[in-house]
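Report on the following structure.
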Amino acid sequence: MNSNMFKVGKIINTHGIRGEVKVLRISDFDDRFEKGNILFLEKDNDEKLELKIDGYRLHKGYDLLHFEGYNNINDVEHFKGLYLTITEDQLTELEEHEYYYHEIIGCEVYTTENQNLGIVKEILTPGANDVWVVKRHNEKDLLVPYIEDVVKSVNIEEQKIIIEPMEGLLD
């Protein structure tokens, strides 16, 4: 099996008694949890358990998944705290100016004047556009909206992002 696995969610709890699990989404694609899709549960011993989604719904901002053959809370209780992953082959083909979270996290961020601002440590998805959280040196984190006016270039190979800070962003 392909050794490159990418996290798409973390099981944070069970839901009800019929085997549903509550998932905190780490994926940037809404169709990742569609019925019929295959995910892999990453167990502590590096073992991967293949799971087929046979139920999906949104509940209070969380994704609730049900896996084929796991119809009881006792079947999924031990999944808590574990990550759901996909293989590299399952990655979706991206449009221009679209990136995977794992490609952006860890990139160095510079201003157009070549001032190093820090490293992207996480990505928030509050609404219309993503917000990249940049860990700065001895300063509070910087929140960079992923919009055309701000993000000028992204070079995944060099792990370098260039932004043009809008007024007030660096204050």
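None of the figures in this text is laboratory data; all of them are computed from the coordinates on show. Nothing here was measured: the structure is a model prediction, and the numbers come from that model. Positions of Cβ are backbone-derived with ideal geometry, glycine not excepted, and every protein chain shown enters the neighbour counts.
P(r) tail for region 1-91, what percent of Cα pairs lie past 14 Å? Of all Cα-Cα distances in region 1-91, 61 percent exceed 14 Å.
GNM on the chain, alpha-carbon springs under 10 angstrom: the most fluctuating residue among 82, 143, 58 is 58. Computed on the Cα trace of region 101-163, the radius of gyration divided by the Kirkwood hydrodynamic radius gives Rg/Rh = 0.93. The Kirkwood radius of region 43-111, taken over pairs of alpha-carbon atoms, gives through the Stokes-Einstein law at 37 °C and 0.692 mPa s a diffusion coefficient of 212 µm² s⁻¹.
Considering only the Cα atoms of region 9-50, their convex hull presents on average a projected area of 3.7 nm². Counting Lys and Arg as +1 and Asp and Glu as -1 over every other residue whose Cβ lies under 11 Å from the Cβ of residue 108, the net charge comes to +1. Largest GNM mean-square fluctuation among 129, 45, 155, using the chain with Cα springs under 10 Å: 45. You can think of it this way: the chain between residue 124 and residue 158 has 10.0 nm of extra reach, that is 0.36 nm per residue less the Cα-Cα gap. Taking trypsin sites (Lys or Arg not before Pro) in DSSP loop conformation with at most 16 other Cβ atoms inside 10 Å as exposed sites, the chain has its longest uninterrupted site-free stretch at 81-135.
Approximating the spin labels as points 7 Å out from Cα along Cα→Cβ, the residue 78-to-residue 13 distance works out to 2.3 nm.
Determine the alpha carbon to alpha carbon distance for each of 22/160; 22/121; 60/152; 7/140; 52/135 and list only those over 30 Å. Beyond 30 Å: 22/160; 60/152; 52/135.
Between residue 141 and residue 48, the simple spin-label model (points 7 angstrom out along Cα→Cβ) gives 2.9 nm.
Which distance in Å, rounded to a whole number, links the C-alpha centroids of region 140-171 and region 109-125? The distance from the Cα centre of region 140-171 to that of region 109-125 comes to 5 Å. If you plug the beta carbon distance of residue 167 and residue 100 into 1/(1 + (r/R0)^6) with R0 = 30 Å, you get a FRET efficiency near 0.50. For region 1-75, applying the loop criterion from DSSP together with a ceiling of 16 other beta carbons within 10 Å to the GluC sites (Glu not before Pro) yields 34, 47, 68.
At q = 0.12, 0.20 Å⁻¹ the log10 of I(q)/I(0) for the chain amounts to -0.64, -1.24, computed by Debye summation with a single uniform scatterer per C-alpha, solvent ignored.
Given +1 on the Cβ of Lys and Arg, -1 on the Cβ of Asp and Glu, and no further charges, what dipole in debye does region 101-163 carry about its Cα centre, rounded to the nearest 20?
Charge dipole, region 101-163, about its Cα centre: 200 debye, nearest 20.
Mind listing which GluC sites (Glu not before Pro) in region 82-171 are in a DSSP loop and have 10 or fewer other Cβ atoms within 10 Å? Please list the in-between numbers first.
Working: sites: 88, 93, 95, 96, 98, 103, 108, 113, 122, 139, 148, 157, 158, 167; in loops: 93, 95, 96, 98, 113, 139, 148, 157, 158, 167.
Passing both the DSSP loop test and the Cβ count: 93, 95, 96, 113, 148, 157, 158, 167.
Return a whole-number percent for the relative contact order of the chain, with Cα pairs under 8 Å and 6 or more residues apart as the contact set.
Details: 332 pairs, mean separation 30.8, N = 171.
Value for the chain: 18 percent.
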